[in-house]
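Quick notes on the structure that follows.
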Amino acid sequence: MYGENVCPNTQDPSDLPALGTLVVDTGRGDRVGEFRGVAGARWSLRPVGGGIEWEAEPRRVRPALLMEQLRARTARLNARSRGEVL
């Protein structure tokens with residue numbers, strides 16, 4: 001998998017992603033989330049399409065690959081079609 005041997009994010013924390021940008025939290029098993037803002041020294045992320053937010057260390061967050069974005073959005077739509085989420 002892509003994130004197994006990737007170096008942590010070394011970008012300057014002042015280069016924040018735009019709100020809603022899909023990113024991967026490598027500190028939580030490559031979990032994909034939407035960037036929601038800054039919470040102290042950490043970034044606030046939430047699952048694609050809504051849900052409970054979590055905080056991530058900025059150095060462990062990287063932009064989501066197109067494949068990862070598609071996988072996260074498809075999973076959300078499939079869950080919605082099954083009636084699991086609104």
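Readers should treat all values here as calculations from the given coordinates under stated rules, not as data from a laboratory. What you see is a predicted model; the values in this text were computed from it and never measured. FYI the Cβ positions are ideal-geometry reconstructions off the backbone, even for glycines, and counts take in every protein chain you see.
Name the residues whose placed amide hydrogens come within less than 5 Å of the amide hydrogen of residue 42, ignoring near sequence neighbours (fewer than 5 apart) on the same chain.
Correct list: empty.
Which trypsin sites (Lys or Arg not before Pro) from the stretch 8-84 combine a DSSP loop assignment with at most 12 other Cβ atoms within 10 Å?
82
Pop the C-beta distance of residue 44 and residue 75 into the FRET formula with R0 = 25 Å and round what comes out to the nearest 0.05.
0.75
Can you give the net charge of the other residues whose Cβ lies under 15 Å from the Cβ of residue 76, counting K and R as +1 and D and E as -1?
Net of charged neighbours comes to +3.
Pull out the extension gain between residue 55 and residue 31, defined as 0.36 nm times the separation in residues minus the alpha carbon to alpha carbon distance; nm, one decimal.
Answer, rounded to one decimal: 7.5 nm.
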